[in-house]
Ligand code: PEP
Ligand code: MG
């Protein structure tokens, strides 16, 4: 089970976003792009015909989505049929249809050109709402673009190539692919997928992952360089595409393909084994959850619970706020799916780069990371907060739930939320709702003030979860979204390690569990130190779980503690990292980290 490092030839390697756990090679099968030409309509009669043609395209696209939804393979339906529901809902969106039709009338132009103008406008509206586009908003923008792409295809009358057109074992190369097109790919013929558009969390990526098609997305200017039949290598782990590889590269990748496949198969096969060190120290490994689509993978990758459910995403995709009923439905779904394992629902962390459109404009120009973010936002807008608390309390009756408050910086904030929770509980009971008798209320420790006050905070909180992403941002005085200062983002900086130690020690003293849910938990080097410092639980994106669980199972806690003590004595992030890498060298020689 030896995993070789990625092969990086000096030239001809294109970089994109890797989606999957495999490397494959095959002949390119290029799916052409669509060239839209604007043409003017001669008279009113032509306008009427054009509107009719547009409405027919809407109908046939809708039928195509319904068919794609119906043929989703077993085990995938349920999670991903939602994707098609989103597309079907967008198709019915009055603005999309009305605006396109009115452009055909007013400008007297063809439906394709009118559709593209509507898309530009929608994207402009979505883009202008937030200073830094949030991944969720970006994804919704991609949804609209992919929907328009499907409509354009329908308008062009172009059919998908029949299944037997795809050469056996080919790698599909396209400017962009809609989820429906991904579902329609003949799985027995297609080895991989490369697209110019799309991001890691786009629905196309999520579907490719769910269907286990290795993919590299967001590879710019690739399609024009690929001729059909050209040999190419796709490394979904590294996000690399190599065109026309030479003999050495092909030979290298044949070994890597096998090694990755064996490694992944083995690691996922044993991912369900509880994570205990060789000397029986239990370290729970949970998943971070942002999208309901991730739920099935969370379970199959061996998560022992959900340690961080980021609930703000649903607020970012719309102009109005979600209703209590909608929130309750999604929380209930997560809690019942994961039951009897535990779900830690984090209350809204809105603000900074996650400001909903409904509130965005009034905070423009302010430094939002230091402003009304997270718990501050919720306490300022109690009605928004109350709807969420009601939904969480109601969902708590359906399974094992905890509630977690982000960005706590004072003790009073905890008191205030607890009193709101008490009022809300009374209100719900009076209305006849069922609620779990005891709902643990914990806090995220991610502001240096909370670290210093950790002992006092531990008297009021049922658990701690350290948000290392923000703890590093606020302690090192660097904007975590600013690439200019990325070198200062040092998880292993002694100041950060010592702060984490203070929080874990305070938690232990008060006998409350302490977990880590920031990015540090997913990195084997940092995770070793977190375990050595005494963390009870680590929470991370689901795809990192197998490697971290394996790290726990292959180690002696005593050894990890020893290397952690040494790392705490270092005075630089580099020295601490070198120490831990040395310690892990033989343990994880076959894993990539
Ligand atoms: C963190 O800050 O480490 C964290 C987990 O929260 P978020 O990344 O959502 O701010
Ligand atoms: Mg945070």
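The values are calculated or read from the model by the stated rules, or taken from the named source; none is laboratory data. This one's a predicted model, so the numbers in the text were calculated from it and none came from an experiment. For neighbour counting, all protein chains shown are included, and Cβ atoms are generated from backbone atoms with ideal geometry for every residue, glycine included.
Considering each of 515, 528 in turn, give the residue that is in contact (Cβ under 8 Å) with a residue 40 or more places away in the chain, in the same structural domain as residue 466 (by TED's automatic domain parsing) and within 16 Å of ligand 1 (Cβ to nearest atom).
Residue meeting the stated conditions: 515.
Restricting attention to the stretch 371-396, which residues are assigned to a helix (DSSP H, G or I), within 16 Å of ligand 2 (Cβ to nearest atom) and surrounded by fewer than 24 Cβ atoms within 10 Å (Cβ to Cβ)?
The one that is assigned to a helix (DSSP H, G or I), within 16 Å of ligand 2 (Cβ to nearest atom) and surrounded by fewer than 24 Cβ atoms within 10 Å (Cβ to Cβ): 376.
Among the residues of the stretch 422-456, count how many are within 16 Å of ligand 2 (Cβ to nearest atom) and touching a strand residue (DSSP E or B) at 6+ places or on another chain (Cβ under 9 Å).
7
Any idea which of 499, 520 is buried (at least 18 other Cβ atoms within 10 Å of the Cβ), within 16 Å of ligand 2 (Cβ to nearest atom) and over 26 Å from the mean Cα position of the chain (by Cα)?
499
Yes or no: the stretch 255-267 includes at least one residue that is in contact with a helix residue (DSSP H, G or I) (Cβ under 9 Å, 6 or more places away or on another chain), part of a loop (DSSP other than H, G, I, E, B) and surrounded by 18 or more Cβ atoms within 10 Å (Cβ to Cβ).
The answer is no; no qualifying residue exists.
Go through (1) farther than 16 Å from residue 25 by Cα; (2) in contact with a helix residue (DSSP H, G or I) (Cβ under 6 Å, 6 or more places away or on another chain); (3) not in a loop (DSSP other than H, G, I, E, B) and name the single condition residue 233 misses.
(1)
Could you check residue 547 against (1) more than 22 Å from residue 573 (Cα to Cα); (2) over 23 Å from the mean Cα position of the chain (by Cα); (3) in contact (Cβ under 8 Å) with a residue 60 or more places away in the chain and say which number it fails?
Here residue 547 meets the rest and fails (2).
Of all the residues that make up the stretch 397-421, how many are more than 31 Å from the chain's Cα centre (by Cα) and within 16 Å of ligand 2 (Cβ to nearest atom)?
So the count comes out to 0.
Kindly indicate whether any position in the stretch 422-431 is assigned by TED's automatic domain parsing to the domain that holds residue 503 and within 30 Å of the chain's Cα centre (by Cα).
No - not one qualifying residue is present in the stretch 422-431.
Quick check: is even one residue across the stretch 541-551 touching a strand residue (DSSP E or B) at 6+ places or on another chain (Cβ under 6 Å) and either under 20 Å from residue 404 (Cα atoms) or outside the structural domain of residue 294 (by TED's automatic domain parsing) (or both)?
Yes: one or more hits.
Might you let me know whether the stretch 342-353 holds any residue that is at pLDDT 95 or above and more than 16 Å from ligand 1 (Cβ to nearest atom)?
Yes, the stretch 342-353 has at least one match.
Need at least 2 residues that are in the same structural domain as residue 232 (by TED's automatic domain parsing) and at pLDDT below 85 per element, so show me which strands (runs of 3 or more DSSP E) inside the stretch 13-58 make the cut, counting only ones lying wholly within it.
17-19
Restrict the check to the stretch 329-340 and report whether at least one residue is modelled with pLDDT of 85 or more and in a loop (DSSP other than H, G, I, E, B).
So far as the stretch 329-340 goes, yes, one or more of its residues are modelled with pLDDT of 85 or more and in a loop (DSSP other than H, G, I, E, B).
Could you please find all residues in the stretch 275-312 being farther than 18 Å from residue 543 by Cβ and either within 16 Å of ligand 1 (Cβ to nearest atom) or in a strand (DSSP E or B) (or both)?
Passing the criteria: 276, 282, 311, 312.
If residue 239 satisfies every condition in (1) buried (at least 22 other Cβ atoms within 10 Å of the Cβ); (2) modelled with pLDDT of 85 or more; (3) more than 19 Å from residue 188 (Cα to Cα) but one, which is the exception?
Result: residue 239 fails condition (1) only.
Being assigned to a helix (DSSP H, G or I) and out of contact with any strand residue (DSSP E or B) (no Cβ under 9 Å at 6 or more places or on another chain) is the filter here; which residues of the stretch 178-194 pass it?
Answer for the stretch 178-194, where residues must be assigned to a helix (DSSP H, G or I) and out of contact with any strand residue (DSSP E or B) (no Cβ under 9 Å at 6 or more places or on another chain): 179, 180, 183, 184.
Being closer than 27 Å to residue 422 by Cβ and away from ligand 1 (no atom under 13 Å from the Cβ) is the filter here, so list the residues in the stretch 443-478 that pass it.
Those that are closer than 27 Å to residue 422 by Cβ and away from ligand 1 (no atom under 13 Å from the Cβ): 449, 453, 454, 455, 456, 457, 458, 459, 460, 461, 462, 463.
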